[in-house]
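Asks: Following this message is one structure expressed as structure tokens.
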Amino acid sequence: MRRLAACVLAVLAFLLFGAPSPAGAHSPIRYVALGDSYSAASGVLPPDPTAPPQCLRSTSNYPHVIAAATGAQLTDVTCGGADTGDYVAEQYPGVAPQLDALAPDTQLVTMTIGGNDSGVFINSIVQCGAAGLSTLGQGSPCKDRYGSSFEDTIRNVTYPSLVTTLRAVRAEAPRARVAILGYPWIMPRTGGCFDRMPVAEGDVPYLRSLQATLNDAVRRAAAATGVTYVDMNRVSEGHDACAPIGVRWIEPVLQGTNPVIVHPNALGEQEMAAQAMSVLRLR
């Protein structure tokens with residue numbers, strides 16, 4: 001009789017509450033993607049039809065790659081041109097501050113941010129490109145003119161802004177795993193490729209050093225705030241804008257495949273996703 005009663009109770013429980021969940025079943029990770037054009041994959045096809053047009057967001061960006069690989073529930077507010085100030089204020093009319101996407105139950109946050117602060121990234125590329133054209137690729141006209149000014153700005157302005165921003169992210173999503181990616185290499189160590197990147201040969205190490213300073217600021221800010229740093233330096237070596245198609249992760253100024261120049265292509269976004277998932281152990 002006891003066995004019969006147990007069977008009856010089990011059948012009633014099944015009818016009332018449904019079948020028990022399989023072992024290991026769980027709800028999708030609540031994932032929020034923040035950041036700039038390197039997070040948004042600006043210029044990479046296909047465009048994200050849900051994104052504000054100004055953000056130039058792609059559904060091939062690394063957040064979408066991570067979400068597809070992990071089954072995460074993605075909220076993507078990445079936006080081309082974003083800097084740390086756009087986490088707390090509208091970047092464009094109708095484009096909410098990126099921190100608004102976070103919630104106490106957010107479980108995962110990724111981003112690339114900092115490169116647009118004070119215009120350092122774009123200004124250095126534009127100014128060094130113009131200087132390189134003026135000397136037909138000879139000498140180091142950009143270094144000679146700007147010296148340590150770009151790196152000084154990163155150390156004195158960008159770094160503290162990153163610390164403030166990462167603390168704000170952690171405050172808005174206190175239970176989340178938060179990761180910030182470094183920027184993949186844009187230039188090789190030496191030499192360059194003046195036909196594709198109009199940077200004078202002597203300024204190639206100068207721009208490389210500038211990017212190393214930026215990535216180090218990102219790394220230090222992550223360490224100071226308890227955020228995971230995803231180091232792209234080693235894995236992106238040899239995949240800069242001077243590498244051939246199919247090898248490079250960053251598209252050059254000329255002869256490239258991305259209308260948004262000096263930005264990751266689809267391969268670059270896939271590799272950024274792979275590195276983030278490896279560091280975060282998301283599989």
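Asks: Quick one: which residue in Arg208, Arg283, Arg220, Arg248 is closer than 22 Å to Ile66 by Cα and at pLDDT 95 or above?
Replies: Exactly one of Arg208, Arg283, Arg220, Arg248 is closer than 22 Å to Ile66 by Cα and at pLDDT 95 or above, namely Arg248.
Asks: Okay, next question. Give the residues of the stretch 147-196 that are open to solvent by 50 Å² or more (accessible area, probe 1.4 Å), among the aromatic types (Phe, Trp, Tyr) and over 22 Å from Val230 (Cβ atoms), sorted by residue number.
Replies: Across the stretch 147-196, the qualifying residue is only Phe194.
Asks: Restricting to the stretch 136-170, name every residue that is without any contact (Cβ under 8 Å) to a residue 40 or more places away in the chain and under 20 Å from the mean Cα position of the chain (by Cα).
Replies: Within the stretch 136-170, just Pro160 meets the criteria.
Asks: Could you please give the count of residues in the stretch 86-115 that are open to solvent by less than 40 Å² (accessible area, probe 1.4 Å), out of contact with any strand residue (DSSP E or B) (no Cβ under 6 Å at 6 or more places or on another chain), in contact (Cβ under 8 Å) with a residue 40 or more places away in the chain and of a type outside the set (A, V, I, L, M, F, W, C)? Steps first, please.
Replies: Narrowing the stretch 86-115 to residues open to solvent by less than 40 Å² (accessible area, probe 1.4 Å): 86-87, 91, 95, 97-99, 101-103, 106, 108-115.
Checking the rest, the ones that are also out of contact with any strand residue (DSSP E or B) (no Cβ under 6 Å at 6 or more places or on another chain) come to 86-87, 91, 95, 97-99, 103, 113-115.
Now narrow it down to the ones that are in contact (Cβ under 8 Å) with a residue 40 or more places away in the chain: 87, 95, 98-99, 103, 113-115.
Then drop every residue that is not of a type outside the set (A, V, I, L, M, F, W, C), which leaves 87, 98, 114-115.
Residues in the stretch 86-115 being open to solvent by less than 40 Å² (accessible area, probe 1.4 Å), out of contact with any strand residue (DSSP E or B) (no Cβ under 6 Å at 6 or more places or on another chain), in contact (Cβ under 8 Å) with a residue 40 or more places away in the chain and of a type outside the set (A, V, I, L, M, F, W, C): 4 in total.
Asks: Residues of the stretch 265-283 being assigned to a loop (DSSP other than H, G, I, E, B) and closer than 26 Å to Ala217 by Cβ, which ones?
Replies: Matches in the stretch 265-283: Asn265, Arg281, Leu282.
Asks: Take the conditions aromatic (Phe, Trp, Tyr), at pLDDT 95 or above and closer than 24 Å to Thr70 by Cβ and apply them to Tyr229. Does it pass? Reasoning before the result, please.
Replies: Numbers: aromatic (Phe, Trp, Tyr): yes; at pLDDT 95 or above: yes; closer than 24 Å to Thr70 by Cβ: yes.
Yes: the conditions hold for Tyr229.
Asks: In the list Thr50, Thr78, Thr59, which residue meets the criterion of being surrounded by 23 or more Cβ atoms within 10 Å (Cβ to Cβ) and either within 30 Å of Asp203 (Cβ to Cβ) or without any contact (Cβ under 8 Å) to a residue 60 or more places away in the chain (or both)? Steps first, answer last, please.
Replies: Values: Thr50 fails: surrounded by 23 or more Cβ atoms within 10 Å (Cβ to Cβ); Thr59 fails: surrounded by 23 or more Cβ atoms within 10 Å (Cβ to Cβ).
From the options Thr50, Thr78, Thr59, the qualifying one is Thr78.
Asks: Give the number of residues within the stretch 202-244 that are within 16 Å of the chain's Cα centre (by Cα), hydroxyl-bearing (Ser, Thr, Tyr) and not in a loop (DSSP other than H, G, I, E, B).
Replies: Here the count works out to 2.
Asks: Identify, from the list Val247, Val262, Val253, Val199, the residue that is assigned to a loop (DSSP other than H, G, I, E, B) and within 20 Å of Gly114 (Cα to Cα).
Replies: None of the other options fit; the residue is Val262.
Asks: Can you tell which of Ala241, Ala200, Ala173, Ala212 is in contact (Cβ under 8 Å) with a residue 12 or more places away in the chain, closer than 25 Å to Tyr31 by Cα and of a type in the set (A, V, I, L, M)?
Replies: After ruling out the rest, the residue left standing is Ala173.
The values are calculated or read from the model by the stated rules, or taken from the named source; none is laboratory data. Fair warning: this is a prediction, and the values are worked out from it, not measured in the lab. We place every Cβ from the backbone using ideal geometry, glycine too, and count neighbours over all the protein chains shown. Remember, those area values only see protein heavy atoms, side chains included, never the ligands or the DNA or RNA. Shrake-Rupley method; radii C 1.70, N 1.55, O 1.52, S 1.80 Å.
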